[in-house]
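Heads up, the thing below is written out as structure tokens.
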Amino acid sequence: MKKILSIDGGGIRGIIPGQVLVSLEKKLQAKVGDQNARLADFFDFFAGTSTGGILTCIYLCPSEEDNQKARFSAEEAVDLYIKNGSKIFDLSIWQRIVSADGISDEKYDASALEKLLKRYFKSLTLSQLIKPCIIPSYDIQKRRAHFFAQHDFQKKGEGSDYLIRDVCRATSAAPTYFEAALSESISGISYPLIDGGVFANNPALCAYSEVCGADGDLSAKDMFVVSLGTSSVNARYDYDKAKNWGSINWIKPVIDIMMSGASETTHYHLTKMFNAIGRPTQYVRFQPTDLRNANPAMDDATEQNIAALVEVGKETAQDCDKELDRIVNILVGEGLDPVTFS
């Protein structure tokens, strides 16, 4: 059975699924008696959008000593946000003025994020990740979805290969927050890309479709999908206020609604698909609905909010302890079932 891990977008709220995966990895380590075991040792295929795409690339980053072994632990992955979130979402007074708080220009300077990605990934390329994966973004010039797929290199060569730091920059280029990314393939072709969350904030269905196209005539019965959201708590927009909004007022709400709606639709379809074949337990979705004291804003990286998001992640793992144990038993009991593409 192909075991798939999918992680939603959500900016700084990526701390929540990141923290759940810290708990899952620790349980896996305890189960197999190996403190160096990593998530990539147990899942066969990965998917991530925006913040989930960055986490995916960290989980699949190869060790310098062994290019088939993951370099970073789940804890080191989520530390990217816990320790550096305030740098990524650092809004200077000057930037606030010139961008009109994200209305006339991007809200944040992407240089801090780019430096961080370079530090983590250096010159690593997509094809060097240790497991196949899919990471969505959107091409604003060609007006179509653009998927970064680790395994495409086997068929398409350098035209489908990119620096990992450029992949992460593209999938996380959220409109109004960061400027669009200009990602260049190893073959030298540039693509103007924005955050994949505009159409696939929850990439689990993209992962399902991609694995269906792998070797072996696969379908839902052959898959076990673990999907992690970044919370479903959304701002309410009152009718009396929204009915007279113009384009400026609708900018942020539309982005919020689009990303939430995309995630909910994917969950709806996958639930129906696995129920239809009588295997509902082969699809698991973690989506906390209570953010406690955390601010749901994608860019609130204050020390207080980061601590609150860590707490939400830990509480989610605690509340789902039995389900995490079940996942561990499946991952370890089934063993690896590599996803290959001829």
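The values are calculated or read from the model by the stated rules, or taken from the named source; none is laboratory data. The shown structure was predicted, so the numbers you read here are calculated from the model rather than taken from an experiment. A quick note on method: Cβ atoms are made from the backbone with ideal geometry, for glycine too, and the neighbour counts reach across all protein chains shown. Just the protein is used for accessible areas: all its heavy atoms, side chains included, with ligands, DNA and RNA removed. Shrake-Rupley method; radii C 1.70, N 1.55, O 1.52, S 1.80 Å.
Close Cβ contacts (under 7 Å, 6 or more residues apart or on different chains) running from residues in the stretch 267-289 that are in contact (Cβ under 8 Å) with a residue 60 or more places away in the chain to residues that are outside any helix (DSSP H, G or I) and aromatic (Phe, Trp, Tyr) comprise Leu270/Tyr283; Gln282/Phe224.
Considering (1) over 12 Å from the mean Cα position of the chain (by Cα); (2) closer than 14 Å to Ser231 by Cβ, the lone condition that Asp44 does not fulfil carries the number (2). Every condition in (1) of a type outside the set (Phe, Trp, Tyr); (2) at pLDDT 90 or above; (3) in contact with a helix residue (DSSP H, G or I) (Cβ under 6 Å, 6 or more places away or on another chain); (4) surrounded by fewer than 15 Cβ atoms within 10 Å (Cβ to Cβ) is met by Leu117 except one, and the failing one is (4).
For the stretch 178-189, which positions are closer than 16 Å to Ala110 by Cβ and open to solvent by 40 Å² or more (accessible area, probe 1.4 Å)? Write out each step before concluding.
To start, the set of residues in the stretch 178-189 that are closer than 16 Å to Ala110 by Cβ comprises 178-184.
Result: Glu179, Ala180, Leu182, Glu184.
Among the residues of the stretch 109-167, those that are assigned to a helix (DSSP H, G or I) and of a type in the set (S, T, N, Q) comprise Ser111, Ser127, Gln128, Gln150, Gln154, Ser160.
Kindly indicate whether Gly102 is part of a loop (DSSP other than H, G, I, E, B) and either among the hydroxyl-bearing types (Ser, Thr, Tyr) or modelled with pLDDT under 95 (or both). Lay out the reasoning, then the answer.
Numbers: part of a loop (DSSP other than H, G, I, E, B): yes; either among the hydroxyl-bearing types (Ser, Thr, Tyr) or modelled with pLDDT under 95 (or both): yes.
Against the criterion (part of a loop (DSSP other than H, G, I, E, B) and either among the hydroxyl-bearing types (Ser, Thr, Tyr) or modelled with pLDDT under 95 (or both)), Gly102 qualifies.
For residues in the stretch 206-238 being in a helix (DSSP H, G or I) and hydroxyl-bearing (Ser, Thr, Tyr), which is farthest from the chain's Cα centre (by Cα)? Checked the stretch 206-238; the qualifying residue farthest from the chain's Cα centre (by Cα) is Ser209.
Conditions tested, residue by residue: (1) touching a Ser or Thr at 6+ places or on another chain (Cβ under 8 Å); (2) hydrophobic (A, V, I, L, M, F, W, C); (3) open to solvent by less than 80 Å² (accessible area, probe 1.4 Å).
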residue	(1), (2), (3)
Leu270	yes, yes, yes
Gly278	no, no, yes
Gln287	yes, no, yes
Met298	no, yes, yes
Ala307	no, yes, yes
Leu336	no, yes, no
Phe341	no, yes, yes
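Restricting attention to the stretch 140-167, the residues that are touching a strand residue (DSSP E or B) at 6+ places or on another chain (Cβ under 6 Å), open to solvent by less than 20 Å² (accessible area, probe 1.4 Å) and within 27 Å of Lys87 (Cα to Cα) total 3.
Looking only at the stretch 228-278, residues that are over 19 Å from Pro175 (Cα atoms) and hydrophobic (A, V, I, L, M, F, W, C) come to 9 in all.
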